[in-house]
Amino acid sequence: AQKVTQAQTEISVVEKEDVTLDCVYETRDTTYYLFWYKQPPSGELVFLIRRNSFDEQNEISGRYSWNFQKSTSSFNFTITASQVVDSAVYFCALSEQRRGAQKLVFGQGTRLTINP
Amino acid sequence: SQTIHQWPATLVQPVGSPLSLECTVEGTSNPNLYWYRQAAGRGLQLLFYSVGIGQISSEVPQNLSASRPQDRQFILSSKKLLLSDSGFYLCAWSTKQGKVGTEAFFGQGTRLTVV
């Protein structure tokens, strides 16, 4: 069965520090997709990134970067020069195919607190 | 642009009462629709998904049901709520393009407390 593990339950850092959120996944599929979502205090999930299993290039978007390593089944997320607005719960997710649709298998989430 | 509306935002219901949560999507047609639940301090779990009107698939056995009476409307219901139904319910949609690998877009959620 598909599984996503986010071992870090909570992380607290001071503003401007860099922080890495870990994500490890398990799947038997050869083709799969990984996602990161942000859940601010308001509750909605905000889509951040999607990565397919054939693309192992790291991606950078502003202060955000993602490191996908298939050999270790990891898809880690780094925030550089963190800001208070980055405080949220972050979820890593793995796609699992359903008939005509897909299921997202989520990790337990990492609560990130950025202190001023 | 596409938007997803979910209501109510919060709900407090007594045990044994009925439930109806509604979700509508605008700006797209024939979407896949999903209901997820987030229990306190835990990740999200898929409850139901729908690929079309009247087509509902359940992921986990439970006290809840779902219906899709219109293309962009998805309803989560219960005839009699249990304490264990408390949680944060999120509706989501995705396009059918590519089936697997399309990102899901979430509503703002409904926080349900059963007392």
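Every number here is computed from the coordinates shown, using simple stated rules; none is lab data. For clarity, every value in this text was computed on a predicted model and none was experimentally measured. In this analysis, Cβ positions are derived from the backbone assuming ideal geometry, glycine residues included, and neighbour counts consider all displayed protein chains.
Residue count for the stretch B:73-90, restricted to those that are within 14 Å of chain A (Cβ to nearest Cβ) and at negative phi: 4.
Where strands (runs of 3 or more DSSP E) fall entirely within the stretch A:22-116, those with at least 1 residues that are more than 17 Å from A:Glu10 (Cβ to Cβ) and either among the small types (Gly, Ala, Ser) or more than 9 Å from chain B (Cβ to nearest Cβ) (or both) are at A:24-26, A:33-39, A:46-52, A:59-61, A:64-69, A:74-79, A:88-98, A:101-106. Does B:Thr10 satisfy the criteria of being without any contact (Cβ under 8 Å) to a residue 40 or more places away in the chain and within 14 Å of chain A (Cβ to nearest Cβ)? Criteria not met by B:Thr10.
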